[in-house]
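Below you will find the structure I want to go over with you.
Only the coordinates and a few stated rules stand behind these numbers; no lab work does. All figures in this text were calculated on a predicted structure; none of them were measured in a lab. Heads up, the Cβs are rebuilt from the backbone with ideal geometry, glycines too, and the neighbour counts pull from every protein chain shown.
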Amino acid sequence: MSLNRPVHGGNVVWAASVAGCSPDRLLDFSASINPLGPPQSAIAAITTHLNRITLYPDPRYSELRKHLGRFHQLPPEVIWPGNGAAELLTWIARQLRKCQSVYVLTPAFRDYARALQAFGVPIQPYALDLLDLSKLASPLPLSPNPGSGLLLNNPHNPTGKLWRREEILPILDRFEFVVIDEAFMDFLDPSEDQSLIPLIQDYPHLVIVRSLTKFYSLPGLRLGYAIADPALIEQWQHWRDPWPVNILAEVAGIAAIQDDDFQRQTWDWLPPTRHHLLEGLRSLSGFDPYPGAANFLLVKTQQSVTELQEWLLKEYQILIRDCVSFPELGDRYFRVAVRSQAENQRLLDALGDR
């Protein structure tokens, strides 16, 4: 296996080199992207506005902010579009350097550490109990160090754990600054949604990060947004490059968030398909999947995941997400996206042959 192991999912160029095939022959379970997309409305918007690539984007992204504000029933001044959630996390980490330390739930998305370490922010890890996701292995202190920040992922990546709104609200005032990454929240039906976006204006020290690339299957366009106090947004705007979001990403995002049919199709598709995959994994000897609220499942196994990953690539051209980049998980956990029923069955059949 190549030593240049990727730390994120979706690296099909690397995987194809291991599998000995072209990238388009791979079945990618490593990136948690909606297999129903991208919506045709977004593709049509890109096609219609191709002539606009001769123009610079509006550096204030007024139209995109207006539509996102309408989508969330918020003023556009609290919306800050970015080049994917990763870019937004970088500038938010610069804000967090004012904190004495930042509490981060572990295992954690690797980009949190990247962004915080880039600005020398001390990280205070606190662990999720992998034997019982309903509790923490080391509970958050009632009185954190003065000036502490909190970075929370909900639903949590990589476990899929969902915290209910009433579980999060009591801890907000314990911290100087709170960031909640809700990159996978839009996969929940509105009746199950636990987002704190409706309460954002009640908590000036709260920032919420969202992604438009996972739910709408647009990772190549790089599009996300933060929701925060307008004064913070004005400050962050001076820190970054003038045009982080390209025009085609902007028009695709505006079209996608207005596509009610695509949203409903996804909400109807995910729960039964995820349940079928969960039960299929449970039926296989040596695999212990965690139930989750997002469009992926974390799986514990008794064998080396790096060896399993290599075998799946070479024998079946299937890519799973190893969890080696999560120090708390290592070589006995992997993550798989929920794909179509037929594709999920291909994965189950391959794992059954191991």
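Identify which of Ser217, Ser304, Ser325 has the largest mean-square fluctuation in a Gaussian network model of the chain, with springs joining Cα atoms closer than 10 Å.
Among Ser217, Ser304, Ser325, the largest mean-square fluctuation in the Gaussian network model of the chain belongs to Ser304.
I want to check a number: in the chain, how many lysine pairs have alpha carbons closer than 24 Å, given a sequence separation of 8 or more or different chains?
Value for the chain: 7.
Taking 56 Å as R0, compute the FRET efficiency from the Cβ-Cβ separation of Arg174 and Asn51 and round it to 0.05.
About 0.65, to the nearest 0.05.
So how long is each side of segment 242-354 along the principal axes, counting just the alpha-carbon atoms, biggest first, in Å?
Ordered largest first, segment 242-354 gives principal extents of 46, 35, 27 Å.
Let me ask you something else. So what is the relative contact order for the chain, in percent, with contacts set as C-alpha pairs under 8 Å and at least six apart?
Relative CO of the chain lands at 25 percent.
Continuing with the same structure: Could you list the trypsin sites (Lys or Arg not before Pro) in segment 17-60 that lie in coil according to DSSP, counting only those with at most 14 other Cβ atoms within 10 Å of their Cβ?
Arg60
Next question. Largest first and to the nearest Å, give the Cα extent of the chain along each principal axis.
Result for the chain: principal-axis Cα extents of 56, 55, 40 Å.
Run the simple label-point estimate for Lys66 and Gln235 please: 7 Å along Cα→C-beta, distance reported in nm.
2.9 nm
Could you work out how far the C-alpha centroid of segment 139-218 sits from that of segment 322-340, in angstrom?
22 Å
Take Trp267 and Gln73, extend 7 Å from each Cα along the Cα→Cβ direction, and tell me the distance between the two endpoints in nm.
Once both label points are built, they end up 1.3 nm from each other.
If I model a spin label as a point 7 Å beyond the Cα along the Cα-Cβ vector, how far apart are those points for Ser285 and Arg25 in nm?
3.2 nm
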